[in-house]
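Asker: One structure follows; several queries about it will come next.
Bear in mind that the values in this text are calculations on the coordinates, not laboratory data. Small disclaimer: the values here were computed from a predicted structure and weren't measured. Quick reminder, even Gly has a Cβ in these numbers, built from the backbone with ideal geometry, and neighbours come from all protein chains shown.
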There are 2 protein chains.
Amino acid sequence: MLKKANSDLVRRQNRGLVLETLRQHGPLARITLGYQTGLSPASITSISGQLIDEGLVYSIIEDEEVSTQAKRGRPQTRLALNPQATNVLAISISVDGVELVFADFSGATREPIKLRLDTYATPKEDFGPRVAHEIKANAKRLGIALTSIKRIGVAVQGVADTISGEIPWSPAFCARDIPVVRPLERILSIPCSIGNNANMIAEALIATDRKKYGGTTAVVFLGHGVGLGLILNGVVFHGANGRAAELGHMNHIPDGPLCRCGRHGCLEAFSADYGIMRMANDRRGTDFDVHAAVRDDDMRKLELAAEAGDTVATNAFNRAGEVLGFGIARLIALINPQRVVLAGPGTRAYDLLKDSVGEALRRGLVHDLRKNVEFEVVPFGKDMIATGTLVETLRHLDRDVYATGQKGTVVEFSGRKIA
Amino acid sequence: MLKKANSDLVRRQNRGLVLETLRQHGPLARITLGYQTGLSPASITSISGQLIDEGLVYSIIEDEEVSTQAKRGRPQTRLALNPQATNVLAISISVDGVELVFADFSGATREPIKLRLDTYATPKEDFGPRVAHEIKANAKRLGIALTSIKRIGVAVQGVADTISGEIPWSPAFCARDIPVVRPLERILSIPCSIGNNANMIAEALIATDRKKYGGTTAVVFLGHGVGLGLILNGVVFHGANGRAAELGHMNHIPDGPLCRCGRHGCLEAFSADYGIMRMANDRRGTDFDVHAAVRDDDMRKLELAAEAGDTVATNAFNRAGEVLGFGIARLIALINPQRVVLAGPGTRAYDLLKDSVGEALRRGLVHDLRKNVEFEVVPFGKDMIATGTLVETLRHLDRDVYATGQKGTVVEFSGRKIA
DNA sequence: CAACATTTTTTTGGACGCTAAAATAAATCA
DNA sequence: TGATTTATTTTAGCGTCCAAAAAAATGTTG
């Protein structure tokens, strides 16, 4: 159903558009901004004037030389997002621990901060408060006023319920249903949201190349588990309870090997690191502890063995690839994506999986659908998760907070121009 | 990315909103329309005045008695969509043949027309032209001017490529890649679009009850095959090539029984009528012709046998239910819908499938996800497909054609008021 | 170096669509 | 008949966009 439209909507949408364009394409002259957004120069002058008055944007005073070689005409004055307008925070929760990344309104990040906080040992109702405490301490240390932080985004390895703001299950915790958003918001009085790793990587990819990833893309995350981020019509999809895209726990074979989730035959039970390790050890029974984290150097040893031609190791990777391939085939049958991206640390061993993935796709998917999908393996940078979280968080500010231009959102700011 | 907004957008959106509201809630007084849309009475007067001038809407002259019991105050004059503004056409293509349903702008339909046209025997390049010819003939017979038909929607049993407008594969044809949209548009000069049955049923459900189905719903269609319509965030999802939701050809078991599509182990090969029949006949080998249509009375016999306790028949239905259950479990893991709807003629035997579907869901899906999904079997009316097609077609007119209020779209119309 | 050319930005004046408030219309009530 | 009530229309004004004109700021040229 459509929604009522009025001049309020027009203002919000165009202000949001200007902010997003500046965020994506860096400092831009008004004339360029007009060209990019489709708005007239007059409108750009008006909108940017307001944004400058509110301290969200400033006009750059160019260094003499910096500007491109001298041209005729009035020189451009470029506009940029004002870094001082706001701060935001990305929190990443994984088996490796909890990490904080502070960033300013322009998206510039501070050094990531690894918290000394044992997620396993912490009682679940203490988790939120402790993180909140660490945030306060670290913000103070960095000279960031807590009130200047306008939004927090949390990325979790595992299942994230975007509606309730809890973590129903994650390999980083023993307990279930860890409350995160609620306690952070309560203690810090800062709006907060939560999502899973794979979705954040999807966000980061869209930000990198909207043309390539902005349509319908499935981002398969290989790591300690198998995750999925779905980009549908250019937007990350969350599902009814914000818990879509559980590729890792999509069943592969009824009554297959035990999975960490307690079911049998999930994709992850074959294709995650522990599934591969179990197959290599040929121990499918109860004496293999699925909950134990697989050590990275053990995994590396196994990869080297497979590369050296070891049959047992090779078979384990082949099987993992086959199951992954069938999972992707099922995914393609349901979603018909134009692109499937493989990401995450698990792609390191993708050469060992590749052939069996391809073979499974051939067996499990009609040619018509297969031929229209582009596959891609993206090198995994650990920072992608924080980047994606920040992208999502800042977009929320651009669209839903600062785009409104309400009184409450005006940022205190000294002058109209800063260098 | 956001889009530029201006008064053009406001006009389009609000005009569309008024049309959609009138379409959904029947004749409405201006005051009620204002309440429903959120627009002010002044705006409603202005917008409805234009729509009336353009002949899209008319104000009803109430019969004396009809109006509710006498109230004080100026009586309401209700507005309604003008049936004469436009005609549209829904075409349904299935193994049962081709059917036409003409409707006017208010959505009132004429009697469905079954074409005498053998889809199997018709060469694929003749199909479009023949249907076009039949449309001309039947429109003439019904006294509907061809130029009054502003849009055609086609629903297909099988795969529909919404982008190319062709039918890559359908049980109704021997050939593949049947062109449909292109020839119809060329011959009739009427905009045309195509989609699959399950999506049309999804559209019909949304129109019936937006609150119930408008969020994230998976509509599983059981019939000669197994189809799927995905409603994501209130909108039917089409995928990159308009070919999403191939639940029937989502692999269940690698190297399983032969499917009509030529692969092995597709869900449909177990759970469609021919899959069930094959299992009952216990002939999994090549001597069972998967391409032969299963006769409805044979299917009915099998159902009766199962209901009477026949083991072979019961086992066949159990197995079909189990596989369907695992398919739905995988679907839920990927999409996290709030509701799964089972529809189609195959639901007639749902009592025979129910238990094994439930059991498979228990085995194949983590409890967390399962508990949040509501299941529902909707009684299947054959008209749902035409209804859904018309809903989609008329919405397109409401939003994208008549909402613009361009000169070209003004409908010739005699007076401002008709009885 | 002054007049001209060029390009960017701002200002101006008007259009469009929405809305609150006032006016009008059309009925019932007393 | 006049008061009351409710629905609709008109009026006056507001916010936003935009085309065109004006202004600003620089380079070019004779």
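Asker: Based on the Cα coordinates of the range B:210-377, what is the per residue volume of their convex hull in Å³?
Answerer: So the per-residue Cα hull volume is 115 Å³.
Asker: Determine the relative contact order of the range B:89-235: mean sequence separation of Cα pairs under 8 Å and six or more apart, normalised by residue count, in whole percent.
Answerer: Answer for the range B:89-235 is 19 percent.
Asker: Show me, for the range B:204-219, the HN-Hα J-couplings you get by feeding each phi into the Karplus relation (A = 6.51, B = -1.76, C = 1.60, θ = phi - 60°), rounded to Hz, glycine and proline as x.
Answerer: Result, rounded to whole Hz: 4, 5, 4, 5, 5, 8, 5, 5, 6, 9, x, x, 10, 10, 9, 9.
Asker: Ok, one more. Which whole number gives the average, over all residues in B:211-223, of C-beta atoms from other chains lying within 10 Å of the residue C-beta?
Answerer: 1
Asker: May I pose another question? What would the Debye formula give as log10 I(q)/I(0) at q = 0.18, 0.22, 0.27 Å⁻¹ for the alpha-carbon point model of the range B:86-126, no solvent?
Answerer: Once normalised to I(0) and log-transformed, intensities are -0.56, -0.72, -0.89.
Asker: What are the ³J(HN,Hα) values, in whole Hz, obtained from phi via the Karplus relation 6.51 cos²θ - 1.76 cosθ + 1.60 with θ = phi - 60°, for each residue of the range B:276-281 in sequence order, with x given for Gly and Pro?
Answerer: Working through the residues one at a time gives 5, 4, 5, 5, 4, 7 Hz.
Asker: Would you mind estimating how fast the range A:7-81 diffuses translationally, via Stokes-Einstein at 4 °C and 1.567 mPa s with the Kirkwood radius over Cα pairs, in µm²/s?
Answerer: Details: Rh = 12.9 Å.
The calculation lands on 101 µm²/s.
Asker: Could you line up B:261, B:174 from fewest to most neighbouring Cβ atoms inside 10 Å?
Answerer: Placing the least packed residue first, the sequence is B:174, B:261.
Asker: What is the set of long-range amide H partners of residue B:87 at a cut-off below 5 Å, with H atoms built 1.01 Å from backbone N?
Answerer: B:149, B:150
Asker: Could you check how many percent of all C-alpha pairs in chain A are farther apart than 35 Å?
Answerer: Values: 31587 of 87571 pairs.
Of all Cα-Cα pairs in chain A, 36 percent lie more than 35 Å apart.
Asker: Starting from the amide H of residue A:169, placed 1.01 Å from N in the peptide plane, find each other amide H under 5 Å away whose residue is 5 or more places distant or on another chain.
Answerer: Here A:159, A:177 satisfy the definition.
Asker: Please state, rounded to one decimal and in Å, the Kirkwood hydrodynamic radius that the range A:85-190 gives when every pair of distinct Cα atoms enters the mean of 1/r.
Answerer: Here the Kirkwood hydrodynamic radius works out to 13.9 Å.
Asker: Find every distance from the label point of residue B:95 to the corresponding label point in the other copies (7 Å from Cα along Cα→Cβ) and write them in nm, one decimal, shortest first.
Answerer: List, nearest first: 4.8 nm.
Asker: Only bridges with both residues in chain B count here: give the DSSP antiparallel percent, nearest 5.
Answerer: 60
Asker: Now a separate question. Grab the alpha carbons of the protein assembly as shown, take their convex hull, and tell me the volume per residue in Å³.
Answerer: Given the Cα convex hull of the protein assembly as shown, per-residue volume reads 218 Å³.
Asker: Compute, for chain A, the length of the dipole vector about the Cα centre, with Cβ point charges of +1 (Lys, Arg) and -1 (Asp, Glu) only. Units Debye, rounded to 20.
Answerer: That gives chain A a dipole magnitude of about 1420 debye.
Asker: How shielded is A:356-368 by partner chains, expressed as the average number of their Cβ atoms within 10 Å of its Cβ atoms? Please report the intermediate quantities before stating the final value.
Answerer: Details: counts 0, 0, 0, 0, 2, 0, 1, 6, 11, 7, 11, 3, 11.
Rounded to a whole number, the mean comes out at 4.
Asker: Additional query: Can you list residues whose amide H is under 5 Å from residue B:342's amide H, if they're 5+ apart or on another chain and H is modeled 1.01 Å from N?
Answerer: Residues meeting the criterion, in which the H sits 1.01 Å from N, are B:220, B:376, B:377, B:378.
Asker: How would B:402, B:120, B:350, B:274 line up from fewest to most surrounding beta-carbon atoms within 10 angstrom?
Answerer: Placing the least packed residue first, the sequence is B:120, B:350, B:274, B:402.
Asker: Tabulate in residue order the Karplus-calculated ³J(HN,Hα) for the range A:334-343, using 6.51 cos²θ - 1.76 cosθ + 1.60 with θ = phi - 60°, rounded to whole Hz; enter x for Gly and Pro.
Answerer: 7, 9, 6, x, 8, 8, 10, 10, 9, 9
Asker: Report the antiparallel proportion of the DSSP beta bridges in the range B:210-377 as a percent, rounded to a multiple of 5.
Answerer: 55
Asker: Also: If you bin every alpha carbon distance in the range A:139-270 into 10 Å steps from zero, what whole percent lands in each bin?
Answerer: 12, 35, 33, 16, 3, 0
Asker: Along the charge dipole of the protein assembly as shown, which of A:187, B:349, A:24 sits closest to the positive end, that is, farthest toward it, with unit charges on the beta carbon of Lys, Arg, Asp and Glu (+1, +1, -1, -1)?
Answerer: My answer, from the dipole projection, is A:24.
Asker: With each run of n ≥ 4 DSSP H residues scored as -39500 (n - 2.57), what mean residue ellipticity at 222 nm is computed for the protein assembly as shown after dividing by its residue count and rounding to the nearest 500 deg cm²/dmol? Don't jump to the answer; show the numbers that get you there.
Answerer: On the way: 28 runs with 333 residues, N = 838.
The helix-only estimate for the protein assembly as shown comes to -12500 deg cm²/dmol at 222 nm.
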